[in-house]
Structure formats: structure tokens, C-alpha cells
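As C-alpha cells, the structure follows; a few thoughts come after it.
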Amino acid sequence: MRKRFEKISGSSQRQLRVGELIRHAVAEMLIRGDVHDPVIETHLITIPEVSMAPDLRLATIYVMPLGGRDAEAVLAALERNKKFLRGEIARHVNLKFAPEIRFRIDERFDEAERIEKLLRTPEVQRDLGGKDENE
């Protein structure tokens, strides 16, 4: 998680802008149902972020199916349709080269939930000045 944040914060404006354009293009394709795959058609998929390489030749697309259900199956379906998606990205985003794309499961929600649980533990509440159940 920290590596990814550091990577993003060090990204250029152009990387961020191109990543956002690709994110919107992929999200629109999924909403419209342009990708004809039974797994993709039966899941609502969120694209929270697209991270671009400095040379804009590689786009890492972070995905999360609604509720985190069948994440691996959704990832496999997106991988199967990678060639089609790359071609559509090339048509919708005006770049010199169509970037290679790779898909990753977005784990920010899991990390946020883990931190939230940690913050609710009695030990942390005590250290933060909250009241412990034993008091």
C-alpha cells in the first residue's frame, strides 16, 4: 500500500491525467457492456485507479468487483479480454502508443478495514484516551 501511494504521489501531471482518461474509458466500456464475457457481465466492477508508467507505455488498472466477490474470476476475465480492452483504449484515448495494460485487485478497501478494526481494539482505544470496557 505504501509503495503504491509513494508511486502515485511522485507521478507527473501527465501520468495522472492519462491514467484518469484510461480509467474513465475502461469504466464506460464496462458500464455499457462492451466486453462480452459472462463473468464481467454478471459483476459490477469498480475501477478506482489507473497507474501509468513514466513513459506511458504501461497502465496498471486496479479493479474491485462490488463487495469483493469473485475477485480472482473477474481478474481472469479481464485478462482474457485484455487485447480487446487495449484496442478500445487506443480508440478512446488519444496517445502516440496504446499502453500495455495489466490488471490488479485493488486492496485499499481491505487495508482500510484492517486499520479500522485495529483502531477499535481495546488496547488502541486505551492509548488514544478512549474508555476501555473494563473501566
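The values are calculated or read from the model by the stated rules, or taken from the named source; none is laboratory data. Bear in mind the structure is a predicted one, so any value in this text is a computation, not a measurement. Virtual Cβ from ideal backbone geometry, glycine too; neighbours counted across all protein chains shown. Only protein heavy atoms, including side chains, enter the accessible area calculation; ligands, DNA and RNA are left aside. Shrake-Rupley method; radii C 1.70, N 1.55, O 1.52, S 1.80 Å.
Observations
- Per residue accessible area of the chain, 1.4 Å probe, in Å²: 68
- Shown for the chain: the carbon plus sulfur share of the solvent-accessible area, taken with all protein chains present and a 1.4 angstrom probe, equals 53%.
- Loop sites in region 66-111: GluC sites (Glu not before Pro), DSSP, at most 16 other Cβ within 10 Å: 107
- Sparsely packed chymotrypsin sites (Phe, Trp or Tyr not before Pro) within region 90-119, loop by DSSP, other Cβ within 10 Å at most 10: 97
- Residue 41/residue 118 FRET efficiency (R0 22 Å; Cβ-Cβ; nearest 0.05): 0.05
- Cα-only Debye scattering, the chain: base-10 log of I(q)/I(0) at q = 0.12, 0.14, 0.16 Å⁻¹: -0.55, -0.68, -0.82
- Inter-site label distance for residue 97 and residue 57 at 7 Å from Cα along Cβ, in nm: 0.3
- Sites excluded, trypsin sites (Lys or Arg not before Pro) in DSSP loops with at most 13 other C-beta within 10 Å, longest stretch of the chain: 1-56
- Distance cut-off 20 Å, percentage of C-alpha pairs in region 58-135 lying past it: 55
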